[in-house]
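Colleague: My questions will all concern the structure given below.
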Amino acid sequence: MDFLHRQGFLFSAAHSVGFIAALAMMSLIWRFYLPAHRPAAKRRGQQFYPWIIASLLLLFLRGGILSSAVDVGGFSPGFGFLICTAITWVSFYFIIVFYGLSERSVADQAEKNQRYFLIGIVLYSIVLRFFYLGTPELFYEEAYYWNYAKHLDLSYLDHPPLVAWLIGLSSAGLGDHEFAVRFSAWVCWLITAGFIYRLTSIIYQEQDALRSVALVAVLPIFFVTGWIMTPDAPLMACWAALVYFLYQALILENRSAWFWAGIALGLGMLAKYTIVLVALAALLWVIADPRARKWLWRPEPYRAVLIAVILFSPVIFWNAQHDWASFLYQSQNRMAERPEFSLDDFILSIILLLTPSGFFSVILIYWFRKNLPPSCAIATPDPTQAAEANAESYGKRLLLILTIIPFAVFALTSVFRETKFHWTGPIWLALLPYMGLLIAPNLAIGAPRLWRWVQRSWPPTLLVCLLSYGAFLHYVTLGWPGVPYPSGLFLLGWSGFGREIQALADQFQAKTGESVLVVGMDRNRIASGLAFYQNKALHSSATEGDPAWRRTSSWHLFDRKGLMYEYWFPQREQENKNLLLVSKNPLDLSDDAILTRINNAEEIKPITLWKNRRPVGQYYYRQVQGYRSTVQSAPPFAKGQPD
């Protein structure tokens, strides 16, 4: 591999060729020199597909390890290839041993075999995400929230502050790079999985809890929010914690659980306001259920609400200082949007978030809610288990309510307004203990036929999901030989783009002798991406000690929307500054709204973005001088066109 790379081959090509060579060599060794682990001739065809799947999963993981060793760890490519070679051979050996042992397995070991399968699924998901935390470029949203963290505050216009606080904490300890930005998302996933494991354990058995965690590890919505750092990552952790403590309080009548429920609710509101729908569902449950109504006269729920309000108070204080801007943005402004029927997109988004297997599992859980087995291994509980079965049935109704109420709110909203595809993501956490029943190898006798069909679909669904994640992460990091990149796929190629823009800003500043403000000509995406990747670029002496995020703004300077950039870079404070305008569309750089606010402008020029020696997009820039916060007469110079 190192030899191929030194000869000019791309990382992806050298890595893939080296892996294929190792795979071929290990197959020969398995065939001729490890007879004890060789499958019987009649089963070799059956072992072909598992062997291919295991090899592909290893290939994708190895790509993450290689890129992390070089890009994050700072090791040389040669040392990175050496690490990957050692991991490959060790992994192949254990795969071969596993095949040899599985040859001796029998039908009554199905439960044990599935346990090993699920443990492998969970561990692979965790490790895969970890090694790809710092290698692909950020998404636009992640770069925007990184800018949040650089402008730390009590709250922000479009989101509460928890995402910024977490990124700020990890960046302070790990530095300003992709791994640090995403590390908190990975930790939030571990917290989410821990609470789902504990919730399922008190409802069912440890094996059932492992199935629920496998769903948290692999279902698209949970995998993505455990890798991409957005407000949804801490929201998932807080939502899972709140559901767990509400179950403890309302079903098991654990009074101390109310204290922790208040903390989970308060922290969740610092992540995203939508977690209040869980509190609304719990309130409706307490009012409607005779057994739970007693909590209306006890102090614990009110203390929980007080704790939540105290934790949420920074957001209230920030809004009081800014004319309630965030609350209005999330309520009145959204209601003022153009009416749009989006129920069909809403349903499609659920299928994408949960996969078809998960979607039909939710339908089955609701449709057969009265006939769900109390455990995957129990068809009919004996009398000694009656009390536990009753408690489980009572708790099942609570978890269904904690799902149905938020779902109903989002579904109703989709009838009149556009909804975001990821909004429903956390509401399915409450159903994971029951969705896990559908993965059990030995289902209770008498289960519906559709139930069994969905049950058979889960193992291939989990594997297809993992293969898809691994292939995608490998693609956006190292690429695939002969496969081009589509233009505009999040921030691909922006590491080099940031260096080029930083060099242009330095040259412009050296030429004029005045500071330069880089302006991304859209709402917040270009500015956020450039601020992050300029910050990673090498700074000249002219800008040393002046971080890029303090010199990168958005097009709100020309009376367009810029979200938090309107607060970070007020128009009047940019008076007379020189600007380096950057846009995806060259027409945005010659608009009268720009030309009537500047004194002079140079010609528009293009910049091509590259990733792994392949073009991934094109942007345009223009240097302008003498910004004015108010409109003036059009300057006597040509608008200019791109070269």
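The values are calculated or read from the model by the stated rules, or taken from the named source; none is laboratory data. Source: prediction; values computed, not measured. Every residue, glycine as well, gets a Cβ built from its backbone with ideal geometry; the counts of neighbours run over all protein chains shown. Note: accessible area is taken over every heavy atom of the protein model, side chains too, but ligands, DNA and RNA are not part of it. Shrake-Rupley method; radii C 1.70, N 1.55, O 1.52, S 1.80 Å.
Colleague: Could you compute the FRET efficiency for Ser468 and Asn254, with r as their C-beta to C-beta distance and R0 at 35 Å, rounded to 0.05?
Modeller: 0.30
Colleague: Just the number, please: Stokes-Einstein D of the range 140-205 in µm²/s, Kirkwood Rh from C-alpha pairs, 20 °C, 1.002 mPa s.
Modeller: In µm²/s, the coefficient rounds to 164.
Colleague: Bin by bin, in steps of 10 Å, what percent of the Cα pairs in the range 188-299 do you find, going until the bin that has the longest distance?
Modeller: Answer for the range 188-299: a P(r) of 15, 42, 33, 10, 0 percent.
Colleague: Tell me the per residue accessible area of the range 111-193 using a 1.4 Å probe; a whole number in Å² is fine.
Modeller: Result: 32 Å² per residue.
Colleague: Rank Asn576, Ile604, Ser590 by how far each Cα sits towards the positive end of the charge dipole of the range 554-616 (+1 on Lys, Arg Cβ; -1 on Asp, Glu Cβ) and give me just the farthest.
Modeller: Of the listed residues, the answer is Ile604.
Colleague: Sticking with this one: Tell me which residues come under 5 Å, amide H to amide H, from Ser553 once H is placed; ignore anything under 5 positions away on its chain.
Modeller: Correct list: Val518, Val519, Gly520.
Colleague: Which of the listed residues, Leu246, Pro234, Leu265, is farthest toward the dipole's positive end in the range 157-297, when Lys, Arg count +1 and Asp, Glu count -1 at the beta-carbon?
Modeller: Ranked along the dipole, the leading option is Leu246.
Colleague: Over the range 454-529, what portion of Cα pair distances is larger than 17 Å, expressed as a whole percent?
Modeller: Everything past 17 Å amounts to 66 percent.
Colleague: Treating the range 520-613 as a set of equal point scatterers at the Cα positions, no solvent, please give the Debye-formula log₁₀ I(q)/I(0) at q = 0.16, 0.21, 0.23 Å⁻¹.
Modeller: Here log10 of I(q) over I(0) equals -0.74, -1.23, -1.40.
Colleague: Restricting attention to the alpha-carbon atoms of the range 491-572, what are Rg (one decimal) and Dmax (integer), both in Å?
Modeller: Both quantities, over Cα of the range 491-572: 12.3, 34 Å.
Colleague: Please give the contour-minus-distance gain from Phe421 to Ile607: 0.36 nm per residue of separation, less the Cα-Cα distance, rounded to one decimal in nm.
Modeller: That works out to 63.7 nm of additional length.
Colleague: Please give me the summed charge of the neighbours of Tyr485: other residues whose Cβ is under 10 Å from its Cβ, Lys and Arg +1, Asp and Glu -1.
Modeller: Neighbourhood net charge equals +2.
Colleague: Say R0 is 35 Å: what FRET efficiency, to the nearest 0.05, do Arg614 and Val305 get from their beta-carbon distance?
Modeller: Once the sixth-power term is evaluated, E becomes 0.05.
Colleague: Using 31 Å as the Cα-Cα cut-off, could you pick out the over-long pairs in Lys112/Lys396; Lys561/Lys605; Lys112/Lys272?
Modeller: Where the Cα-Cα span goes over 31 Å, the pairs concerned are Lys112/Lys272.
Colleague: Just to be sure I understand the curve: with the Debye formula and one point per C-alpha of the range 251-355, what is log10 I(q)/I(0) at q = 0.12, 0.17, 0.20, 0.24 Å⁻¹?
Modeller: -0.61, -0.98, -1.07, -1.20
Colleague: Please compute the length gained on full extension between Lys536 and Lys294, using 0.36 nm multiplied by the number of residues separating them and subtracting their Cα-Cα distance.
Modeller: 81.4 nm
Colleague: Between His151 and Asp592, what is the label-to-label distance in nm when each label sits 7 Å out along the Cα-to-Cβ direction?
Modeller: With each label placed 7 Å out from Cα toward Cβ, I get 3.0 nm.
Colleague: Can you give the FRET efficiency to the nearest 0.05 for Leu123 and Arg550, using r as the Cβ-Cβ distance and R₀ = 51 Å?
Modeller: With a Förster radius of 51 Å, E is 0.75.
Colleague: Which percent of the accessible area of the range 396-469 is formed by carbon and sulfur heavy atoms (probe 1.4 angstrom)?
Modeller: Roughly 70 percent, rounded to a whole number.
Colleague: Determine the gain in length on full extension of the stretch Phe368-Ser331; use 0.36 nm per residue of separation and subtract their C-alpha separation, reporting nm with one decimal.
Modeller: Result: 9.7 nm gained on full extension.
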